[in-house]
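The values are calculated or read from the model by the stated rules, or taken from the named source; none is laboratory data. As the structure is a computational prediction, the values presented were derived from the model and not from experiment. A quick note on method: Cβ atoms are made from the backbone with ideal geometry, for glycine too, and the neighbour counts reach across all protein chains shown. Each accessible area value is taken on the protein alone, full model and side chains, heavy atoms only, with ligands, DNA and RNA left out. Shrake-Rupley method; radii C 1.70, N 1.55, O 1.52, S 1.80 Å.
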Amino acid sequence: MQLNLIIDDWSMNLEIPEGYLDSMQESFEKMDKDMDRGWQIGQSWVRDPNPTQRCQLVAGKLLTALETDNEQLALMMGGYILSRMPEVKQVVIDNTGSPEETSFSNT
C-alpha cells in the first residue's frame with residue numbers, strides 16, 4: 001500500500017507493508033487516547049480533535065520524521081493516516097506551521 005506525500009514541490013511515495021496496519025492497531029489506539037485529551041493545532045487548542053484533525057496532527061509528525069530520517073516513525077505516522085482514512089492516497093503536508101492546512105486526497 002502506498003501513500004503519496006507532497007511537501008511544497010517535493011513528492012515521494014511511502015510504502016506501507018502488507019499487514020502493517022493490523023499489527024500496529026494497538027499503537028494507533030494509544031495515539032487516539034493521547035489525542036482524546038485535546039491537542040494544539042497551529043495556534044488553537046482543540047479539545048476533541050475530529051478524525052481529519054487527528055490525521056493533520058499526525059502528518060506534522062510524519063514531516064518531522066522525514067526531516068530527521070526516522071523511517072520507523074514515518075512508517076508509523078503514514079500507517080496511522082491510512083488506518084483512520086483508508087481511502088486516502090495522497091497527503092499534501094503543510095510545512096508553514098499551519099497543520100490545519102494539510103489536506104488529504106483519494107486520487
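Of note:
- Glu87-Asn70 pseudo-label distance in nm [points 7 Å out on the Cα-to-Cβ vector]: 3.1 nm
- Computed with a 1.4 Å probe over protein heavy atoms only, the accessible surface of the chain comes to 59 Å² per residue.
- In sequence order, calculated HN-Hα J values of region 34-39 (Karplus, 6.51, -1.76, 1.60; Hz; x Gly/Pro): 4, 6, 4, 7, x, 7
- Unit charges at the beta carbon, dipole of region 10-107: most positive-side option, Trp45, Asn106, Met31: Trp45
- For the chain, a crude dipole built from +1 on the beta carbon of Lys and Arg and -1 on the beta carbon of Asp and Glu, taken about the Cα centre, is about 320 debye to the nearest 20.
- Label-to-label distance, nm, for residues given as Glu100 and Asp9 (7 Å Cα→Cβ offset): 2.9 nm
- Once the Cα-Cα distance is subtracted from the 0.36 nm per residue extended length, the Thr107 to Met35 segment shows a gain of 23.2 nm.
- Exposure check, 1.4 Å probe, all protein chains in place: Lys61 carries approximately 90 Å² of accessible surface.
- Matching label, Cα Rg over 2.2 N^0.38 Å computed from the structure shown, candidates (i) 1.75; (ii) 1.41; (iii) 0.99: (iii)
- Per-residue ³J(HN,Hα) for region 49-60, Karplus 6.51 cos²θ - 1.76 cosθ + 1.60, θ = phi - 60°, Hz, x for Gly and Pro: x, 7, x, 5, 4, 4, 5, 5, 4, 5, 4, x
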